[in-house]
Amino acid sequence: MTDNARARKLADRIQVVVAETLDRRIKDPRLGFVTITDARVTGDLREATVFYTVYGDDEERAASAAALESAKGVLRSEVGRQTGVRYTPSLAFVPDALPDNARTIDDLLAKAREQDAKVRETSTGATYAGEADPYRKPGEDNDAGAEAEEASAGDAGDAGDAGDAGDAGDTDGGTGEDTARA
């Protein structure tokens, strides 16, 4: 069993060798603008998967895929010659999904921008349901608390105004018995 570091190094080397060989030796007219994006090798170093992208439409992608399949033998022999491993891994070419994913993300971002613009349009000229700043400031917090205490004390005082006249000389601790007798 080999370690993963060796498989990664071999995969990096295969990526470089395949890209250079496609650029210099393969003269297939079907081969479009191909970019080798990644290569992965199995743990036993027997199989390599090469990911690629093609700049162009679907027809050019299909033609480039056919050209890569026909050049697979030349590419494998070049990989074996330049890497020097005992067993040359078999090559499998897979179109990379990266451009499709990027296109999907771009479409989603465009939709989000449109929705943001709609929200911005509807919010222009709109007013707040309450105050513009719904949060209390630290200085206002004490004032509001004092006002609330005064209001609650005033409400309780209104209910007991009849007994308040004698509270100044209260000797029983505020039970109100002595004021009721007087």
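Bear in mind these aren't lab numbers, they're just calculated from the coordinates by the rules spelled out. Computed from a predicted structure; not experimentally measured. In this analysis, Cβ positions are derived from the backbone assuming ideal geometry, glycine residues included, and neighbour counts consider all displayed protein chains.
Numbers below:
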item: Three-way shape call for segment 4-96 based on the alpha-carbon gyration tensor, with the a/c threshold at 1.5; result: prolate
item: Least to most buried among T122, T37, T53 (fewest other Cβ within 10 Å first); result: T122, T37, T53
item: Which of L98, L45, L109, L22 has the fewest Cβ neighbours within 10 Å, and the rest in rising order; result: L109, L98, L45, L22
item: Rounded to whole Hz, the Karplus (6.51, -1.76, 1.60) HN-Hα couplings of segment 119-128, x for glycine and proline; result: 5, 5, 5, 6, 7, 5, x, 7, 10, 6
item: Mean Cα-pair separation over length for segment 4-96, i.e. relative contact order, pairs under 8 Å, 6 or more apart, %; result: 33
item: Summed side-chain charge close to S70 - residues other than S70 whose Cβ falls under 11 Å, Lys, Arg +1, Asp, Glu -1; result: 0
item: Filtered chymotrypsin sites (Phe, Trp or Tyr not before Pro), segment 32-134: DSSP coil and at most 10 other beta carbons within 10 Å; result: Y87, Y128
